[in-house]
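**Student:** One structure coming up, written as structure tokens, with questions to follow.
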Amino acid sequence: MGGCIGITRSGSGPIEESSATVSRPNSGGLRKNQSLCHETIRWKSDVPLTEGQLRSKRDEFWDTAPAFEGRKEIWDALRAAAVAAEAMDFQLAQAILDGASVSVPNGYLTECYDEWGTRYQVPIYCLSPPINMVKEASGRDSPAEWSEPVEGGTEVSLRLRLSNTCKDVDLAVYSRHTVAQCKNKLHAQENIEPWRQRWFYGGKLLGDRLLIEEAKITAGYIVQVIVSTDPQPPS
């Protein structure tokens, strides 16, 4: 793994959430940068999570992190890099970090520094799903995420950029459709399963429950769709 150090493994098994730590570089090498490691961190949650619970946990962190320390634009960049890295697009993740002048001394997003020396720590659950993630009894994250809205609202056309093909596609949706419903429409149009899609706009990951009108997507602007290369949904 070369210079990619910093994730402490307990024994030879997967990383436990409680034991996933990042070593602090000494003061002499505090600003030394490493390339982002091209690997997915494996870890086990103390309390098994569903995909919906994991997504809610992530959204809560990303929505509140800028209020405590650091610059919002750096948190937005870290969020975008985490989404890209989870989709195994490490080249895009590295480009996002470089563009924001973010260094990763240990090669992982768990500990990062901006150009002013401010430290940012991203929890492991924002970087990869746990190996013991469970499914809802219905096989879906939450019925509320997939139900049809009472009113469709006005018809709008979204311009989406797909990470797997780097092409732009137009998708006709309604303003009161949820992102989850739009993912289903994209599945029907482009044959990309909803669980493989992560939608990103204006420095923010769009949650499945979010209505299109709430995302405030400006006409003509592009929504980035990070497409996972995993052949199977998380088990």
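FYI, it's all coordinate maths here, none of it is from the lab. Here the structure is a predicted model, which means the values were calculated and not measured. Here Cβ is always computed from backbone atoms with ideal geometry, including for glycine, and neighbour counts include all displayed protein chains.
**Student:** At a 10 angstrom cut-off on C-beta neighbours, averaged per residue, how do the peptides 109-121, 77-89 rank from highest to lowest?
**Tutor:** 77-89, 109-121
**Student:** If you take every residue apart from Lys204 with its C-beta less than 13 Å away from the C-beta of Lys204, what net charge results, scoring Lys and Arg +1 and Asp and Glu -1?
**Tutor:** Net local charge, Lys204 excluded: 0.
**Student:** Could you tell me what fraction of 2.2 N^0.38 Å the Cα radius of gyration of the range 143-227 comes to, as a two-decimal ratio?
**Tutor:** 0.98
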